[in-house]
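What follows is a single structure, written as structure tokens, with notes after it.
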Amino acid sequence: MSKLDDLRSAVRGRVLLPGDDGFEPATQPWNRAVPQPSAAAVVEAADADDVAALVRYARRAGVAVAAQPGGHGASGDVEGAVLLRTRLLDEVRVDPAARIARVGAGVKWGRVQEEASRHGLTGLPGSSPVVSVTGYTLGGGVSWFSRAHGWAADSVTAFEVVDADGEAARVTAESDPELFWALRGGGGDYALVTATEFRLHPAPALYGGQMVWPAARARQVLDVYREVTAAAPDELTVWAGLLSVPGAEPVVAVHTTYLGEGAGEAAPALLRPFDAVEDRIDDTRAVLPVHELGSITKEPTDPSPGLIRGELLTALDDTVVDALLAEPIDPLLGVQLRHVGGALARPSDSPHGPLTEPYVLYFFGVPFSPEVAAGIPVRRGALLEALGAYVAGHKPYTFLSAGERASDTFGAESLARLRAVKRARDPQGVFRSNFPVDKG
């Protein structure tokens, strides 16, 4: 008999235990390359009160609760834990006069953008509309619009949480400054967030899209990319990537957004140097509704497997470009440069603090076969070795992936402070985030 056999009587939401029909599929995160069959149970909470009931039960039973609204950032570290799904905490409220949104822990960015865009406003989402607002924000959140507005977590005004005693609370900078600080980018190790309240930002006009060239033009495109990003205003964000999809010719792509007044005129002028690169085979740039932000990169919106890694680059010069272009990237599908800086590099009272490195280097591969799965980290490792000291050696929490640790994100002072919050707020270890601050 399992010590969790009485879990069904403790909560109102659906409970699945090992051996139940549907248990293993319910444990799967969005990223199917991260298995989680070792969870002790899966609970789909009915509402915030149900979350509190689960936490009280877990505390009595001596088990951890691992919250995964969607599982995009899953690490697989759920052994023996109750895996909490928050899909039903799906309320979205937008106050256009105050420019404030309040969203439940199960809400994804696409819904926020739909509601906010009706009022000429925007949140600070990433590239995918199906990423959860809560998980993304607890990791800091690097948005298309972060060059203008900073970390997504910097816009948070309040968290509604359940603490380790199973008590509900509203956490603000005034009511509980230390916990508020920790939750704004330090992960979910300290309390279980049931709703997040954050500032929205003006969205007078959005220009965005992609340009694609054959891989033979990669050096020219990256040279222009360096030129454009070196002088880019904060309203402009530009990413560049090498893509190698099986069965298709390799290409180089540029994805971009510009959020601000006169976007339809200002952005094309800033991006004009790309027009001089010949043989462009696709160009989708246009003025877009803000809620169509996800159409720019067209990332998959259904669960799928991916081997992902993000790193920060200290510079983008000839040496970096030479290393990236020295050999084909396969079996990787994509190697992408994301320009950051701007407001992200300015002071931030958050666990990570300012993001001073100018570029993120993002690797993506799909384990189509065991051979491909084995080859992806080898190719990635060779690229990182070639880049050497250009790789910063730390990264935002939101870019951590399976096998990495919170200490790969935070400096010694921030990590010690986060661990102190964990000890004070959750001494029994009721909560387990994807990358616990007290491990490694």
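The values are calculated or read from the model by the stated rules, or taken from the named source; none is laboratory data. Everything numeric in this text was worked out from a predicted model, so none of it was measured. When we count neighbours, we look across all protein chains shown, and the Cβ atoms used for this are built from the backbone with ideal geometry, even at glycine.
Against the test of being farther than 20 Å from Pro358 by Cα, touching a residue at least 40 places away in the same chain (Cβ under 8 Å) and out of contact with any helix residue (DSSP H, G or I) (no Cβ under 6 Å at 6 or more places or on another chain), the options Leu259, Leu271, Leu243 yield a single qualifying residue, Leu243.
Tell me, please, whether a residue that is assigned to a loop (DSSP other than H, G, I, E, B), modelled with pLDDT under 95 and over 20 Å from the mean Cα position of the chain (by Cα) can be found in segment 420-434. So far as segment 420-434 goes, no, none of its residues is assigned to a loop (DSSP other than H, G, I, E, B), modelled with pLDDT under 95 and over 20 Å from the mean Cα position of the chain (by Cα). The test for being outside any helix (DSSP H, G or I) and at pLDDT 95 or above does not hold for Glu299. Residues that are assigned to a loop (DSSP other than H, G, I, E, B) and farther than 20 Å from Val142 by Cβ within segment 383-419 comprise just one, Gly403. Would you say Arg170 is modelled with pLDDT of 95 or more, charged (D, E, K, R) and crowded, with 24+ Cβ neighbours inside 10 Å? When the stated conditions are applied, Arg170 does not pass them.
Conditions (1) closer than 20 Å to Ile376 by Cα; (2) of a type in the set (A, V, I, L, M), marked per residue:
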site: Glu278; (1), (2): no, no
site: Asp282; (1), (2): no, no
site: Val290; (1), (2): no, yes
site: Leu293; (1), (2): no, yes
site: Pro300; (1), (2): yes, no
site: Thr314; (1), (2): no, no
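Among all residues of segment 325-338, there is none that is of a type in the set (Gly, Ala, Ser), on the phi < 0 side of the Ramachandran plot and under 16 Å from the mean Cα position of the chain (by Cα). Taking (1) within 23 Å of the chain's Cα centre (by Cα); (2) closer than 24 Å to Phe364 by Cα in turn, Ser348 satisfies each apart from (2). Among residues of segment 308-321 that are touching a residue at least 24 places away in the same chain (Cβ under 8 Å), those with a beta-carbon under 9 Å from a residue that is crowded, with 19+ Cβ neighbours inside 10 Å and among the polar types (S, T, N, Q) at least six positions away or on a different chain give the pairs Ile308/Asn31; Ile308/Ser401; Arg309/Ser401; Gly310/Thr398; Gly310/Ser401; Leu316/Thr229. For Arg380, all conditions in the list (1) surrounded by 18 or more Cβ atoms within 10 Å (Cβ to Cβ); (2) among the charged types (D, E, K, R); (3) closer than 26 Å to Glu79 by Cα hold save one; what is the number of the exception? Of (1) surrounded by 18 or more Cβ atoms within 10 Å (Cβ to Cβ); (2) among the charged types (D, E, K, R); (3) closer than 26 Å to Glu79 by Cα, only one is false for Arg380: (3). With respect to (1) in contact with a Leu (Cβ under 7 Å, 6 or more places away or on another chain); (2) within 18 Å of Ser127 (Cα to Cα), the lone exception for Glu357 is condition (2). Highlighted here are the strands (runs of 3 or more DSSP E) found entirely within segment 1-114 that include at least 3 residues which are over 30 Å from Pro367 (Cβ atoms) and of a type outside the set (Asp, Glu): 92-95, 100-104. Taking the condition under 29 Å from Arg59 (Cα atoms) and touching a Leu at 6+ places or on another chain (Cβ under 8 Å), does Gly208 pass? No, not satisfied.
When segment 302-328 is filtered for residues that are within 19 Å of Arg226 (Cβ to Cβ) and in a loop (DSSP other than H, G, I, E, B), the ones remaining, listed by number, are Thr314, Ala315, Leu316, Asp317, Ala326.
For Pro354, the stated conditions do not hold, so it cannot be described as in a loop (DSSP other than H, G, I, E, B), buried (at least 19 other Cβ atoms within 10 Å of the Cβ) and either within 24 Å of the chain's Cα centre (by Cα) or not assigned by TED's automatic domain parsing to the domain that holds Gly186 (or both). Being surrounded by fewer than 20 Cβ atoms within 10 Å (Cβ to Cβ), in contact with an Asp or Glu (Cβ under 9 Å, 6 or more places away or on another chain) and over 19 Å from Ser433 (Cα atoms) is a property that does not hold for Arg118. Based on this model, can you work out whether Asp95 counts as of a type in the set (D, E, K, R), surrounded by fewer than 24 Cβ atoms within 10 Å (Cβ to Cβ) and under 30 Å from Glu292 (Cα atoms)? Judged against the criteria, Asp95 is a match.
The set of residues in segment 306-318 that are in contact with a helix residue (DSSP H, G or I) (Cβ under 9 Å, 6 or more places away or on another chain) and surrounded by 14 or more Cβ atoms within 10 Å (Cβ to Cβ) comprises Leu307, Ile308, Arg309, Gly310, Glu311, Leu312, Leu313, Thr314, Leu316.
Can Val251 be described as in contact with a Pro (Cβ under 7 Å, 6 or more places away or on another chain), at pLDDT 95 or above and not hydroxyl-bearing (Ser, Thr, Tyr)?
So Val251 passes the test.
Of Asp189, Asp223, Asp176, all but one fail to be closer than 26 Å to Pro436 by Cα, of a type in the set (Asp, Glu), surrounded by fewer than 21 Cβ atoms within 10 Å (Cβ to Cβ) and modelled with pLDDT of 95 or more; the exception is Asp176.
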